[in-house]
Amino acid sequence: MNRAFMIRTITENPEKIWDLIVIGGGATGLGTAVDATTRGYNTLLLEQADFAKGTSSRSTKLVHGGVRYLAQGDVSLVLEALHERGLLRQNAPHLVKNLAFVIPNYEWWSGPFYAIGMKVYDMMAGKLGLGPSEMISKEETIEIIPNIKTGGLRGGVIYYDGQFDDSRLAINLAQTFSKNNGTLANYFKVTGLLKSNDLISGVIATDLESGQEHMIKAKAVVNATGVFVDEVRTMDDPQHSRSIRPSQGVHLVLPSHFLKGDSAIMIPKTDDDRVLFAVPWHHRVIVGTTDTPRDQPELEPQPLESEIEFILNTAGRYLTRAPKRSDVLSVFAGLRPLAYDGNDQEETKEVSRNHQITVSLSGLITVSGGKWTTYRKMGEDAVEKAILVGGLEERPCTTRNMPIHGYSLNRHAKDHLQIYGSDRVAILQLMEENPELKDRLHPNLEYTRAEVVWAVREEMARTVEDVLARRTRALFLDARASLEMAPKVAAIIANELNREQPWIDAQIKDFEAVASNYILK
């Protein structure tokens, strides 16, 4: 995961023909790249910004089959997602844990109704289930969720799903890819496609750090750029039809006292038929999400006032203390890359989360739709297509039972470094060698100087935002605190990368511009 080494590998032989180039460093691109390199294909991954910069760092942090998709009758998606949930729990136990969810019941019919639905959910998970669902009494519901509103409460249904840290999984997948002889680079933007006899033969890409442009050849190219897939498809065919319909999901982050206990709340039907979660995460509470159609893809989408009010108002109906704007520590928005079927009248909450893989006449392979839980299956399916398109030797997929970088069964519940899994020991060693690296970056968050050094040396972090948004989760957990941390982080990165004061000043300014979008005014 050394960027300078990776760039040399990319540029040292301009005539090299890669088996596969993957465009995009989010969940889909990383899943595809890991699948390809572990099958033995010479694979290159290029990301225009940072790994998981877009949608893949802005999820509800759940590894789940999707109770809502079951209610919609999308049985095949739920079956696939529940299977993949089990595999991810098995392959990355340091990142994925079981989480209890309570559906509070305020209507006489809702308890039996949801209990039956969750039993179906349990049966579909089979041997990879995380625990049996059951109906619980009013008293048991209050004991599990002490600050649930009790007026009219009849009881609840408890069920189990998975929880994870999305961008940390992305970094671990990048490390897995690198360890298996994969080559990857962030801040390396694909600007065009190479063709030979009207067939895709590689990409034109610019190293955004050096400004150098490169022509890179490949037998197959996978477009895994999420909400930006149509931009890449336009490079292939300016007349192509639209394939993505962005849908915005917004989340608010609140202090932990808004959800006492270790369990989550799931509201299965809000005023506009959406699902709302209140989920404990890193000693905070994430509340969301929304499902709002957006016209254009963006790297930094903005939450709408209507979305913020919807979440605050809905949460206030179920919590004994209604959250206010002043309570919000951070707000973040992500754009789901929903597959577009030409129906503009259909609401985005009704659009299937299934992934689709298409191949253009020139051979460009595009993956659209999908969700984090099924990232591995999307990658497997994309590589199967690449084998056909690129004429690659057929080799079996090996990722179903493959440990992801950081794999560790030892969970140190009171140690925030446990999320690094097997890398935790190396970070502690850094602290022992240089005790000042034990210093916390901010009194309100647990992150240390050592984690910044580790992020730069081992995880290809290049900017303050990389460290505070995705290597740590400071920006998502407390946006104002992250702003106060920025100067310290910039200085540490500058020392590691041999940058001068103007770079530090520019980094702080850039991060302030991004972080301002995460603060509710």
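Determine which single condition VAL63 fails, assuming it passes every other condition in (1) buried (at least 20 other Cβ atoms within 10 Å of the Cβ); (2) in the same structural domain as SER133 (by TED's automatic domain parsing).
(2)
Restricting the range 245-273 to residues that are in contact with a Ser or Thr (Cβ under 7 Å, 6 or more places away or on another chain) and not β-branched (Val, Ile, Thr), which is farthest from ILE158 (Cα to Cα)?
Across the range 245-273, the extreme among qualifying residues is ARG245.
Looking at THR9, THR38, THR28, can you tell me which residue is among the hydroxyl-bearing types (Ser, Thr, Tyr) and closer than 15 Å to ILE404 by Cβ? Spell out how you get there, then give the answer.
Numbers: THR9 fails: closer than 15 Å to ILE404 by Cβ; THR28 fails: closer than 15 Å to ILE404 by Cβ.
When all the criteria are applied, what remains is THR38.
Residues are listed down the side, and each one gets a yes or a no for (1) in the same structural domain as ASP19 (by TED's automatic domain parsing); (2) surrounded by fewer than 17 Cβ atoms within 10 Å (Cβ to Cβ):
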site	(1), (2)
GLU384	yes, yes
PRO396	no, yes
TYR407	no, no
ARG411	no, yes
TYR420	no, no
ILE427	no, no
MET431	no, no
TRP454	no, no
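Output the strands (runs of 3 or more DSSP E) that fall wholly within the range 180-233 and possess 1 or more residues being basic (Lys, Arg), or say none.
On the way: elements: 183-185, 188-196, 199-207, 213-223.
Those strands (runs of 3 or more DSSP E) span 188-196, 213-223.
When the residues of the range 314-339 are narrowed to those that are of a type in the set (S, T, N, Q) and either in a helix (DSSP H, G or I) or modelled with pLDDT under 95 (or both), which ends up farthest from the chain's Cα centre (by Cα)?
Restricting attention to the range 314-339, the residues satisfying the condition of being of a type in the set (S, T, N, Q) are 314, 320, 326, 330.
After this cut, where a residue has to be either in a helix (DSSP H, G or I) or modelled with pLDDT under 95 (or both) as well, the list is 314, 320, 326.
Numbers: THR314: 25, THR320: 31, SER326: 27 Å.
Out of the qualifying residues, it is THR320.
Checking LEU30 against (1) touching a strand residue (DSSP E or B) at 6+ places or on another chain (Cβ under 6 Å); (2) aliphatic (A, V, I, L, M); (3) modelled with pLDDT of 95 or more, which single condition isn't satisfied?
(1)
With respect to the numbered conditions (1) modelled with pLDDT under 95; (2) assigned by TED's automatic domain parsing to the domain that holds ILE286, which one is the sole condition not fulfilled by VAL102?
(1)
Within the range 111-133, can you find the residues that are surrounded by fewer than 17 Cβ atoms within 10 Å (Cβ to Cβ) and either hydrophobic (A, V, I, L, M, F, W, C) or assigned to a helix (DSSP H, G or I) (or both)?
PRO112, PHE113, ILE116, LYS119, VAL120, MET123, GLY126, LYS127, LEU128, listed by residue number.
Across the range 434-467, which residue is nearest to TRP281 (Cα to Cα) among those that are in contact with a strand residue (DSSP E or B) (Cβ under 7 Å, 6 or more places away or on another chain) and aliphatic (A, V, I, L, M)?
So, considering only residues that are in contact with a strand residue (DSSP E or B) (Cβ under 7 Å, 6 or more places away or on another chain) and aliphatic (A, V, I, L, M), the one nearest to TRP281 (Cα to Cα) is LEU441.
Give me the residue from the range 155-173 that is among the hydrophobic types (A, V, I, L, M, F, W, C) and in a strand (DSSP E or B) and, out of that set, surrounded by the most Cβ atoms within 10 Å (Cβ to Cβ). Walk me through it before giving the result.
Applying the first criterion (among the hydrophobic types (A, V, I, L, M, F, W, C)) to the range 155-173 yields 157-158, 164, 169-171, 173.
Retained after the next criterion (residues that are in a strand (DSSP E or B)): 157-158.
Details: VAL157: 26, ILE158: 22.
Once the filter is applied, the top-ranked residue is VAL157.
So how many residues does the range 389-401 have that are in a loop (DSSP other than H, G, I, E, B), over 23 Å from the mean Cα position of the chain (by Cα) and not small (Gly, Ala, Ser)?
Step one: of the range 389-401, the residues in a loop (DSSP other than H, G, I, E, B) are 391-401.
From what is left, the residues that are over 23 Å from the mean Cα position of the chain (by Cα) are 391-396.
So of that shortlist, the ones also not small (Gly, Ala, Ser) come out as 392-396.
The total comes to 5.
If you check ILE404 against the conditions, is it under 22 Å from the mean Cα position of the chain (by Cα) and in a strand (DSSP E or B)?
In short, no.
For GLY152, indicate whether it is among the small types (Gly, Ala, Ser), touching a residue at least 12 places away in the same chain (Cβ under 8 Å) and either farther than 18 Å from THR28 by Cβ or part of a loop (DSSP other than H, G, I, E, B) (or both).
Details: among the small types (Gly, Ala, Ser): yes; touching a residue at least 12 places away in the same chain (Cβ under 8 Å): yes; either farther than 18 Å from THR28 by Cβ or part of a loop (DSSP other than H, G, I, E, B) (or both): yes.
In short, yes.
If we keep just the residues of the range 16-51 that are acidic (Asp, Glu) and over 20 Å from GLU209 (Cβ atoms), which is surrounded by the most Cβ atoms within 10 Å (Cβ to Cβ)? Lay out the reasoning, then the answer.
Initially, the range 16-51 is screened for residues acidic (Asp, Glu), giving 19, 35, 47, 50.
Adding the requirement that they be over 20 Å from GLU209 (Cβ atoms) leaves 19, 35.
Details: ASP19: 21, ASP35: 29.
Among those residues, the one meeting the criterion is ASP35.
Looking at the range 19-66, which of its residues are polar (S, T, N, Q) and in a loop (DSSP other than H, G, I, E, B)?
From the range 19-66, those polar (S, T, N, Q) are 28, 32, 37-38, 42-43, 48, 55-57, 59-60; that's our starting set.
Scanning the range 19-66 gives ASN42, GLN48, SER59, THR60.
Which one of these is more than 23 Å from PRO337 (Cα to Cα) and surrounded by 15 or more Cβ atoms within 10 Å (Cβ to Cβ): ILE244, ILE265? Outline the logic, then answer.
Values: ILE244 fails: more than 23 Å from PRO337 (Cα to Cα).
Checking each option against the conditions leaves just ILE265.
Among the residues of the range 353-385, count how many are over 18 Å from ARG85 (Cβ atoms) and not in a strand (DSSP E or B).
The initial filter retains those residues of the range 353-385 that are over 18 Å from ARG85 (Cβ atoms), namely 356-368, 382-385.
Those left that are additionally not in a strand (DSSP E or B): 360-364, 382-385.
Number satisfying all stated conditions: 9.
Quick check on the range 466-503: of everything there that is closer than 18 Å to LEU329 by Cβ and among the acidic types (Asp, Glu), which residue is surrounded by the fewest Cβ atoms within 10 Å (Cβ to Cβ)?
Residues of the range 466-503 closer than 18 Å to LEU329 by Cβ: 468-470, 472-486.
Pick out the ones that are also among the acidic types (Asp, Glu) and you get 478, 484.
Working: ASP478: 22, GLU484: 15.
Ranking the candidates gives GLU484 first.
Determine which single condition SER167 fails, assuming it passes every other condition in (1) in contact with a helix residue (DSSP H, G or I) (Cβ under 7 Å, 6 or more places away or on another chain); (2) hydroxyl-bearing (Ser, Thr, Tyr); (3) under 30 Å from GLU394 (Cβ atoms).
Result: SER167 fails condition (3) only.
Among what's in the range 269-286 and is free of Cβ contacts under 8 Å to residues at least 40 places away in the same chain and under 16 Å from PRO104 (Cα atoms), pick the residue that is surrounded by the most Cβ atoms within 10 Å (Cβ to Cβ).
So, considering only residues that are free of Cβ contacts under 8 Å to residues at least 40 places away in the same chain and under 16 Å from PRO104 (Cα atoms), the one surrounded by the most Cβ atoms within 10 Å (Cβ to Cβ) is LEU276.
Restricting attention to the range 248-269, does a residue exist that is of a type in the set (Asp, Glu), out of contact with any helix residue (DSSP H, G or I) (no Cβ under 8 Å at 6 or more places or on another chain) and at pLDDT below 95? Write out each step before concluding.
If we filter the range 248-269 for residues that are of a type in the set (Asp, Glu), which is where we start, we get 262.
Cutting the leftovers down to out of contact with any helix residue (DSSP H, G or I) (no Cβ under 8 Å at 6 or more places or on another chain) gives us 262.
Among the residues that remain, those that are also at pLDDT below 95 are: 262.
Yes, there is a match, as at least one residue in the range 248-269 is of a type in the set (Asp, Glu), out of contact with any helix residue (DSSP H, G or I) (no Cβ under 8 Å at 6 or more places or on another chain) and at pLDDT below 95.
Could you please let me know if THR290 is modelled with pLDDT of 90 or more, assigned to a loop (DSSP other than H, G, I, E, B) and polar (S, T, N, Q)?
Numbers: modelled with pLDDT of 90 or more: yes; assigned to a loop (DSSP other than H, G, I, E, B): yes; polar (S, T, N, Q): yes.
Here the answer is yes, as THR290 does meet what is asked.
The values are calculated or read from the model by the stated rules, or taken from the named source; none is laboratory data. Because the structure is predicted, anything quoted here is derived from the model rather than measured. No Cβ is skipped: glycine too gets one built from the backbone with ideal geometry, and neighbour counts run over all protein chains shown.
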